[in-house]
Amino acid sequence: MATNTGWHRTLKGVHWLVAILLVMVWASVELHEFVEKGNPWRDRWVMLHVSFGATVLILMLFRLYLRVHHSTPPFIGAPWQHRLSQLVHLGLYLSVIAMPILGFLMRQFADKPTVIFGLGPLPQLLTPNAGIAETLAWLHKDLLWYVLLTLVAIHVAGALWHHFIDHDDTLRRMASPRW
C-alpha cells in the first residue's frame, strides 16, 4: 500500500480521519461536562463520545489490517529514530484500540447503557460490578488518556523534527494533499 513517495491514500485517509475523530471524542466528553445533570444534551454528548470512540475502534482495526497486509514506504532517518518511531506507533495503536474497548467494558460493569449513534442500547453482557467499573474508568479516563497524549506529542514532534531539523520528506509523505 506504499508508493515510492509516501503512504497509500487509503492509509493516509484513515490516519487523518482517526486524528479528527479523536479530537471529536475528546470534545464530546469535555462538552458534556458543561451541561448540567438532567439536561438531555448531557447524555447526547456522552452518546456521541461513545459513538465516535466505536468508530475509531473500527477504523483502527481496519488500519491495523492494512498495515499488516501491505507494504510501507522505506523509513527516512537514523536507526534510533526508526526504532523510536516503531515504539511510538505500537503504543499509539495499542492505546487507541484499547481505549474504546475499556470504555465499553467500563459502561458494562457500571450498568450504564451503551448507545451508538442513537441506535438503541447495546445488550448488557456483563454483571455490574462497581469496583471493576472504577478500575476500568481509571484506565480509560486517566492512565491511557495521558499515555495517548504523550504518544501523540512524541509523534507530532517526530514529524516536525523530520521536517524542520532533518529536512526530509517524512511529513510531506503523510500530509501530502495528493491522494
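The values are calculated or read from the model by the stated rules, or taken from the named source; none is laboratory data. Quantities reported herein were computed from a predicted structural model and do not represent experimental measurements. Reconstructed Cβ throughout: ideal geometry from the backbone, glycine too, with neighbour counts over all protein chains shown.
Data overview
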{"quantity": "Extreme residue, nearest to LEU61 (Cα to Cα), among residues of region 98-138 that are among the small types (Gly, Ala, Ser) and touching a residue at least 24 places away in the same chain (Cβ under 8 Å)", "calculated": "ALA98"}
{"quantity": "Any hit, region 61-72, residues being closer than 23 Å to LEU144 by Cα and of a type in the set (S, T, N, Q)", "calculated": "no"}
{"quantity": "Wholly enclosed helices (runs of 4 or more DSSP H) of region 69-179 bearing at least 2 residues out of contact with any Lys or Arg (no Cβ under 9 Å at 6 or more places or on another chain) and modelled with pLDDT of 95 or more", "calculated": "79-109, 130-137, 144-164"}
{"quantity": "Residues (polar (S, T, N, Q) and over 20 Å from ILE101 (Cα atoms)) located in region 30-59", "calculated": "ASN39"}
{"quantity": "Residue that is farthest from LYS112 (Cα to Cα), among those in region 25-48 that are of a type in the set (Phe, Trp, Tyr) and part of a helix (DSSP H, G or I)", "calculated": "TRP26"}
{"quantity": "Residue pairs meeting the criteria (Cβ under 7 Å; at least 6 apart or on separate chains; first closer than 15 Å to HIS162 by Cα and hydroxyl-bearing (Ser, Thr, Tyr), in region 77-95; second modelled with pLDDT under 95 and surrounded by 16 or more Cβ atoms within 10 Å (Cβ to Cβ))", "calculated": "SER85/GLY158"}
{"quantity": "Filtered residues of region 1-14 (kept if touching a helix residue (DSSP H, G or I) at 6+ places or on another chain (Cβ under 7 Å) and either assigned to a helix (DSSP H, G or I) or surrounded by 14 or more Cβ atoms within 10 Å (Cβ to Cβ) (or both))", "calculated": "MET1, GLY6, TRP7, THR10, LEU11, LYS12, VAL14"}
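Rundown of residues vs (1) over 22 Å from SER176 (Cα atoms); (2) more than 15 Å from the chain's Cα centre (by Cα), yes/no style:
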residue: TRP26; (1), (2): yes, no
residue: HIS49; (1), (2): yes, no
residue: THR55; (1), (2): yes, no
residue: ILE58; (1), (2): yes, no
residue: VAL68; (1), (2): yes, yes
residue: PRO73; (1), (2): no, yes
residue: GLY77; (1), (2): no, yes
